[in-house]
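The values are calculated or read from the model by the stated rules, or taken from the named source; none is laboratory data. All of these numbers come straight from a predicted model, not from anything done at the bench. When we count neighbours, we look across all protein chains shown, and the Cβ atoms used for this are built from the backbone with ideal geometry, even at glycine. SASA here: full protein model, heavy atoms, side chains in, ligands and nucleic acids out. Shrake-Rupley method; radii C 1.70, N 1.55, O 1.52, S 1.80 Å.
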Amino acid sequence: MSRLPITIATWDYDRTRPLVDGRVRVEGCDVNYLTMPVEECFERAYFHGEFEVAEIGFSPYLIALSRGEPPYLAVPAFLSRMFRHSAVYIRTDRGIGGPADLRGKRIGVPEYQMSAVMWFRGFLQDEHGIAAKDMTWVQGGLENPGRREKFPLNLPPGFPLEAAPERQSLSRMLADAALDAVIAARRPSCFVEGHPKVARLYPDYRAAERDYFRRTGIFPIMHAVGIRRDVLDRHPWLAASVFKAFVQAKRIADAEFAETTALKIGLPWVNAEYDDARALMGEDFWSYGLNDANRKTLEAMARYSYEQGLAVRLVMVEEMFAASTTFGETRV
């Protein structure tokens, strides 16, 4: 019997490299694996459907799921997870001493719906009582003007969201004091270049993020793996095969953190960081599948999406993933 030819597109992660180099195979498939920056992957997947399997932003995915059948159906392999206290950049001359001071400010975002921004807005609401409508949101490209949303929003009339001026990037606007803050997954060039009036909201973001995890038990999810719906309809077995392969690849990457004979990762104290993360977050701190911790994180994400005018209804965890992949990682 012939194997199914598929193209998989993701960013180049340690947890996907065993799939890229062939150490892990997808059962029943011949894989053409492409690595590319996540912005390019999302653009080509969502707008052009180029890949049978692709890394997908989870916030846009929830929007599409809430509106009907999305172009991709997710499996619970969470390729990108990240606390986002580090993603907030402020003008130091606008009286912003902490998150509560963002109320009433003009904040630039590459996309209103992107996962990193959604998570921080949820944090502001839950921890500081600041709703999304309490700030003005300016959407535009971080460095290159013209970035667009993946799916329609569900915002009420008069909601304070506006487009950045034509030919203006968010980084330039922050440097020129046309914005009070920017929330972005990438560091704005004005911050990287050392602009004297631009800084992180949380200079010690590691401490802030560790405190957040201690209090909430949430490790935010940014991206998952999606399978194009038309492909999955024709080959329903593919979801389990893809999920199993990504789990196996991550297990290989996890083992390399614990290597002490000769460091596989080019950081001198990577073993100490690994031990520290496990002490705080548990042995399987970056887990795939639908265990209790991931379910709690996904439920928070679904609530934020609905509360913030993204999803048109509250999406249940049970409907987020292909049915054959919801049994949890431990059985793979």
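Quick notes
- Restricting segment 45-98 to residues that are under 16 Å from the mean Cα position of the chain (by Cα) and among the charged types (D, E, K, R), the residue that is nearest to Ala224 (Cα to Cα): Glu55
Conditions tested, residue by residue: (1) on the phi > 0 side of the Ramachandran plot; (2) in contact with a strand residue (DSSP E or B) (Cβ under 7 Å, 6 or more places away or on another chain).
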{"site": "Glu149", "(1), (2)": "no, no"}
{"site": "Pro160", "(1), (2)": "no, yes"}
{"site": "Ala177", "(1), (2)": "yes, yes"}
{"site": "Ala185", "(1), (2)": "no, no"}
{"site": "Phe219", "(1), (2)": "no, yes"}
{"site": "Gly226", "(1), (2)": "no, yes"}
{"site": "Arg229", "(1), (2)": "no, yes"}
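- Among residues of segment 91-104, those that are surrounded by fewer than 18 Cβ atoms within 10 Å (Cβ to Cβ) and assigned to a loop (DSSP other than H, G, I, E, B), counted: 8
- Condition broken by Tyr13, with the remaining ones in (1) open to solvent by less than 30 Å² (accessible area, probe 1.4 Å); (2) over 21 Å from Tyr288 (Cβ atoms); (3) of a type in the set (Phe, Trp, Tyr) satisfied: (2)
- Scanning segment 70-103 for residues that are without any contact (Cβ under 8 Å) to a residue 40 or more places away in the chain and of a type in the set (Gly, Ala, Ser), we see that the one that is nearest to Ala45 (Cα to Cα) is Ala100.
- Boolean, Met82 is buried (at least 20 other Cβ atoms within 10 Å of the Cβ) and among the aliphatic types (A, V, I, L, M): no
- Out of Glu273, Glu259, Glu283, Glu299, sole residue that is open to solvent by 40 Å² or more (accessible area, probe 1.4 Å), closer than 23 Å to Lys150 by Cα and of a type outside the set (S, T, N, Q): Glu299
- The single residue among Leu174, Leu201, Leu179, Leu153 that is in contact with a Gly (Cβ under 9 Å, 6 or more places away or on another chain), in contact (Cβ under 8 Å) with a residue 40 or more places away in the chain, of a type in the set (A, V, I, L, M) and open to solvent by 20 Å² or more (accessible area, probe 1.4 Å) turns out to be Leu153.
- Taken over segment 35-76, the criterion of being more than 16 Å from Ala311 (Cα to Cα), surrounded by fewer than 20 Cβ atoms within 10 Å (Cβ to Cβ) and among the acidic types (Asp, Glu) is satisfied by Glu39, Glu40, Glu43, Glu50.
- Taken over segment 159-193, the criterion of being among the polar types (S, T, N, Q) and out of contact with any helix residue (DSSP H, G or I) (no Cβ under 8 Å at 6 or more places or on another chain) is satisfied by Gln168, Ser169.
- Within segment 107-130, tally of residues that are surrounded by fewer than 18 Cβ atoms within 10 Å (Cβ to Cβ) and either in contact with a helix residue (DSSP H, G or I) (Cβ under 6 Å, 6 or more places away or on another chain) or not in a loop (DSSP other than H, G, I, E, B) (or both): 4
- Scanning segment 16-34 for residues that are exposed (fewer than 12 other Cβ atoms within 10 Å of the Cβ) and basic (Lys, Arg) turns up just one, Arg23.
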